[in-house]
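Enquirer: Sharing a structure below in structure tokens format, with a few things to ask.
The values are calculated or read from the model by the stated rules, or taken from the named source; none is laboratory data. As the structure is a computational prediction, the values presented were derived from the model and not from experiment. Reconstructed Cβ throughout: ideal geometry from the backbone, glycine too, with neighbour counts over all protein chains shown.
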Amino acid sequence: MAGIARDVERAAQQPPARGATRTKFQVVALLVREERARVKTDASLSTAKRDEELKRLDGLATILAKTAARDTSLLSLLAEDARVSPAAREYKDTVLKAAGREVEEAPEPAAPSAATPATPKAVVPQSAISYQMANPFLAPDFSAARASQPRAGRLSTWELLDPLFRSFERDAPGATACMTLPDAAAAQASAPSPVGRELMPHQAQLVAAADRGHRTFLLADEPGLGKTAQALLAAQAADAYPLLVIAPNVVKMNWAREVELWTPHRRVSVVHGDGDDVDAFADVVVVNYAILDRHVGWFGGMGFRGMVVDEAHLIKNKQSQRSQHVLALADRIRERTPRPLMMALTGTPLINDIEDFRAIWQFLGWIDDERPVGALMDALEDAGLTPTDRGFYDAARAAVVEQGIVRRRKADVAADIPARRVADLPVELSGKEGRSIRDAEAALTARLVEQYRHAVAQRPEPPEGIDLDLVRRIAAAELKDSASKKTGDNVFTMVRRIGQAKAALAADYAAQLARNVGKVVFFAKHIDVMDEAEQLFADRGLKSVSLRGDQTSKAREESIRAFTEDPDVHVIVCSLSAAGVGVNLQVASNLVLAELSWTDAEQTQAIDRIHRIGQSEPVTAWRIIAAQTIDSTIAALIDSKSGLAARALDGVAIDGADEVTDVRLDALVALVTAALGDAPATSDGDVSAPFV
């Protein structure tokens, strides 16, 4: 590793680094990280030998840090969500084999983005061929398709999708987004569950609804209320087998365990890679989004009678390959199966915009690309109203909800779950790095203000006050330009640097918590922040484990087991992207958010790893905020976005709620408007009044 690191250092003397150099840099960084984790947990090493090994690894890490400082484009390779190319995986295996190390099976690669589509590697496992040969006369039943033919009525010429979405943006105090469900007590008394397990009343209600014939659900219960169990028992009640489950990679094995817990008489098979070991005769087939492109072909001919999409907000971008595959499969299932069970599971269905509903509703068969369809269109027609009539929006919202939106809050259905709070801890970024960050933010603001003033100066007459539309256009252009930049100060690099600067402060606070209150969950976005935190915990004599995106399933399970069962493990260091879903860490009641997310949904998902059914202590999420920087602005904007779900799903009126937009865009707009509001009026008509 040292030799490769030196090669990279020499090759990076004149940036930007070439492809081979970038591959070597990423591989060495991965190996250093993995070797550090191995050394720290190797019980066979003496303390002196462990310290010696860690010192050598620190030397390699220093070389890599200096190399990245010279060519900052290399920093992107250290991000938690950085793609590890096939060439990098192959080179890593080569290095490990040369060192005499065992090569573990690598995690499945991330799905290609819409911007860089890849040719799908279509496969048909031998088990799927055997299944099709064993059932050669299973003809499709097109009765469901015939029943969904559009109904010609008074609304046939109206644009209806936009009014439907807008109906969820309006305040509807007390009108929670939950369909009419069977009586809770009666449902719980009759709900089927395996010996030794019992459904909570709210869970039994959904199962009873499926038992009574309802077949489409947007199950949007708050995280931690047991959506997986509800989905599996709903499938059992609807006899929706074989059942296809599509989930993130980090939770697909958890789905297999839950099938065994809640429906032990059903066989489950998890698809890995090309599906060589899949059992196509299983009752439940579980696959992750990243490899769906390989299997979408044979899935379409399997005769699935039910389909569950977990973390369904991940399909919100209809242009993505992931979303297109899910929607295509849903259409195929509806074509071949009369009234299949279709379930979208997500505790955070709305991320940035009310139109995040669009792909989910289409998956469920409530709408198509242009209009409502089937039962939803019939309900709108039966209401006897048009979008110009008073009461249409309330009626439209109710009609959509009754199609199968199920939303329950912890406060309403699980009174025994203690309260939670988010506590902000402002920290001062002192020293050279703090000054550098504030200077970079000031320079960025000045540049955007100058663009605004230049644009205004070209107009015949200056605007009255600040032209917010112009500010937003300038901010949007800056975001687009920043996304393509590899170097230089922009909103992304500033937030990245702030996270690095906060790392030690956040880890120090987490260490204090661990000493005083017990186990602590530490969340960060970037690998180097996680590494620094783990090093600080080790220096303080606190044993820690981690959950990262590059771990194997076995290593991930071992980390969770160590944190939840070993009293000597004080802290678990988690990646926001890799540990934000499908993980139960309720053994802790304190959580530290070292870096800010760009969405309230991601923050909420992280907190709900400990605030869930079974938690017995009040939960506190300690959010570390860098004072006097854009960090404070982003925190306030994230909090403001939480009103979207409250208004659309929970029947809470939000006073003065802003239009839902991108936090990154709003952060830049806030910087510019604050600067313009504080600036004195000038003779060229740049600013005539402060922004209010």
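Enquirer: Would you mind listing the helices (runs of 4 or more DSSP H) fully within region 176-283 where at least 3 residues are in contact (Cβ under 8 Å) with a residue 40 or more places away in the chain? Show your work before the answer.
Expert: Values: elements: 184-190, 201-211, 227-238, 252-262.
Per the criteria, 201-211, 227-238, 252-262.
Enquirer: For A475, are the conditions met, namely being surrounded by fewer than 19 Cβ atoms within 10 Å (Cβ to Cβ), aliphatic (A, V, I, L, M), more than 24 Å from the chain's Cα centre (by Cα) and at pLDDT 85 or above?
Expert: On the way: surrounded by fewer than 19 Cβ atoms within 10 Å (Cβ to Cβ): no; aliphatic (A, V, I, L, M): yes; more than 24 Å from the chain's Cα centre (by Cα): yes; at pLDDT 85 or above: yes.
Spelling it out, it is not the case that A475 is surrounded by fewer than 19 Cβ atoms within 10 Å (Cβ to Cβ), aliphatic (A, V, I, L, M), more than 24 Å from the chain's Cα centre (by Cα) and at pLDDT 85 or above.
Enquirer: Another question, if that's okay. So is A670 at pLDDT 85 or above and either in contact with a His (Cβ under 7 Å, 6 or more places away or on another chain) or farther than 24 Å from E169 by Cβ (or both) or not? Break it down stepwise before answering.
Expert: Working: at pLDDT 85 or above: yes; either in contact with a His (Cβ under 7 Å, 6 or more places away or on another chain) or farther than 24 Å from E169 by Cβ (or both): no.
No; evaluated as a whole, the condition is false for this residue.
Enquirer: Of (1) at pLDDT 85 or above; (2) out of contact with any helix residue (DSSP H, G or I) (no Cβ under 6 Å at 6 or more places or on another chain); (3) not small (G, A, S), I466 satisfies all except one. Which?
Expert: Checking I466 against (1) at pLDDT 85 or above; (2) out of contact with any helix residue (DSSP H, G or I) (no Cβ under 6 Å at 6 or more places or on another chain); (3) not small (G, A, S), the one that fails is (2).
Enquirer: Let me ask something else. Within region 312-329, restricting attention to residues that are of a type outside the set (D, E, K, R) and within 14 Å of D369 (Cα to Cα), which residue is surrounded by the most Cβ atoms within 10 Å (Cβ to Cβ)? Outline the logic, then answer.
Expert: Taking region 312-329 as the starting set, the residues that turn out to be of a type outside the set (D, E, K, R) are 312-315, 317, 319-321, 323-329.
Filter once more, so that each one left must be within 14 Å of D369 (Cα to Cα): 317, 319, 323-324, 327-328.
Details: N317: 16, Q319: 10, S323: 21, Q324: 18, L327: 18, A328: 13.
Taking the candidates together, the pick is S323.
Enquirer: Identify all residues within region 600-625 that are surrounded by 20 or more Cβ atoms within 10 Å (Cβ to Cβ) and assigned to a loop (DSSP other than H, G, I, E, B); write none if there are none.
Expert: D608, R609, I610, H611, R612, Q615
Enquirer: Right, here's the next one. Please go through (1) touching a strand residue (DSSP E or B) at 6+ places or on another chain (Cβ under 9 Å); (2) modelled with pLDDT of 90 or more for M253 and return the number of the only condition it doesn't satisfy.
Expert: The one condition M253 does not meet is (2).
Enquirer: Counting just the residues of region 35-68 that are hydrophobic (A, V, I, L, M, F, W, C) and not in a helix (DSSP H, G or I), which one comes out farthest from the chain's Cα centre (by Cα)? Steps first, answer last, please.
Expert: Residues of region 35-68 hydrophobic (A, V, I, L, M, F, W, C): 37, 39, 43, 45, 48, 54, 57, 60-61, 63-65, 68.
Then drop every residue that is not not in a helix (DSSP H, G or I), which leaves 43, 45.
Values: A43: 35, L45: 38 Å.
For region 35-68, the residue satisfying everything is L45.
Enquirer: Answer yes if at least one residue in region 523-546 is at pLDDT 90 or above, among the polar types (S, T, N, Q) and surrounded by 20 or more Cβ atoms within 10 Å (Cβ to Cβ), and no otherwise.
Expert: yes
Enquirer: Let me ask something else. Can you name the residue in region 19-45 that is of a type in the set (K, R) and touching a helix residue (DSSP H, G or I) at 6+ places or on another chain (Cβ under 7 Å) and, of all such residues, is nearest to T94 (Cα to Cα)? Lay out the reasoning, then the answer.
Expert: First pass over region 19-45, keeping only residues of a type in the set (K, R): 22, 24, 33, 36, 38, 40.
With touching a helix residue (DSSP H, G or I) at 6+ places or on another chain (Cβ under 7 Å) added as a condition, the list becomes 22, 24, 33, 36, 40.
Numbers: R22: 16, K24: 12, R33: 17, R36: 19, K40: 24 Å.
Restricting to residues being of a type in the set (K, R) and touching a helix residue (DSSP H, G or I) at 6+ places or on another chain (Cβ under 7 Å), the top hit is K24.
Enquirer: Related question: Give me the residue from region 334-346 that is at pLDDT below 90 and part of a helix (DSSP H, G or I) and, out of that set, surrounded by the fewest Cβ atoms within 10 Å (Cβ to Cβ).
Expert: Taking region 334-346 first, the residues at pLDDT below 90 are 335-338, 346.
Going one step further and asking which of them are part of a helix (DSSP H, G or I), we end up with 335-336.
Details: E335: 14, R336: 21.
Per the criteria, the residue is E335.
Enquirer: For the condition at positive phi, out of contact with any strand residue (DSSP E or B) (no Cβ under 8 Å at 6 or more places or on another chain) and modelled with pLDDT of 80 or more, what is the one hit in G213, G174, G196?
Expert: Checking each option against the conditions leaves just G213.
Enquirer: Can you find a residue in region 561-579 that is in a loop (DSSP other than H, G, I, E, B), touching a residue at least 60 places away in the same chain (Cβ under 8 Å) and touching a Leu at 6+ places or on another chain (Cβ under 7 Å)? Outline the logic, then answer.
Expert: Here is the first cut: in region 561-579, the ones in a loop (DSSP other than H, G, I, E, B) are 566-568.
Narrowing the set further to residues that are touching a residue at least 60 places away in the same chain (Cβ under 8 Å) leaves none.
No: zero hits.
Enquirer: Now, a different point. Are there any pairs with C-beta distances below 9 angstrom linking a residue in region 436-447 that is touching a residue at least 12 places away in the same chain (Cβ under 8 Å) to a residue that is surrounded by fewer than 16 Cβ atoms within 10 Å (Cβ to Cβ) and in a helix (DSSP H, G or I), with the two at least 6 apart or on different chains, and if so which?
Expert: Pairs found: T445/A674.
Enquirer: Assigned to a helix (DSSP H, G or I) and at pLDDT 85 or above, is that true of A507? Spell out how you get there, then give the answer.
Expert: Values: assigned to a helix (DSSP H, G or I): yes; at pLDDT 85 or above: yes.
It is true that A507 is assigned to a helix (DSSP H, G or I) and at pLDDT 85 or above.
Enquirer: Filter region 440-469 down to residues that are under 15 Å from G677 (Cα atoms) and among the charged types (D, E, K, R) and give me whichever is surrounded by the most Cβ atoms within 10 Å (Cβ to Cβ).
Expert: Restricting to residues being under 15 Å from G677 (Cα atoms) and among the charged types (D, E, K, R), the top hit is D467.
Yes/no matrix, rows are residues, columns are (1) assigned to a loop (DSSP other than H, G, I, E, B); (2) within 25 Å of A229 (Cβ to Cβ); (3) modelled with pLDDT under 90; (4) polar (S, T, N, Q):
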| site | (1), (2), (3), (4) |
| --- | --- |
| H313 | no, yes, yes, no |
| N317 | yes, no, yes, yes |
| S323 | no, no, no, yes |
| R332 | no, no, no, no |
| T348 | yes, yes, yes, yes |
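Enquirer: Which ones in region 514-537 are aromatic (F, W, Y) and part of a helix (DSSP H, G or I)?
Expert: Kept after step one, since they are aromatic (F, W, Y), are these residues of region 514-537: 522-523, 537.
Passing the criteria: only F537.
Enquirer: Next question. With a cut-off of at least 1 residues that are touching a Leu at 6+ places or on another chain (Cβ under 7 Å), hydroxyl-bearing (S, T, Y) and closer than 30 Å to A635 by Cβ, name the helices (runs of 4 or more DSSP H) lying wholly within region 365-469. Spell out how you get there, then give the answer.
Expert: Values: elements: 374-383, 392-402, 410-413, 431-457.
Where helices (runs of 4 or more DSSP H) fall fully within region 365-469 and carry at least 1 residues being touching a Leu at 6+ places or on another chain (Cβ under 7 Å), hydroxyl-bearing (S, T, Y) and closer than 30 Å to A635 by Cβ, they are 431-457.
Enquirer: Identify all residues within region 284-301 that are assigned to a strand (DSSP E or B) and among the β-branched types (V, I, T); write none if there are none. Before the answer, list the steps.
Expert: Taking region 284-301 and keeping what is assigned to a strand (DSSP E or B), we get 284-288.
Matches in region 284-301: V284, V285, V286, V287.
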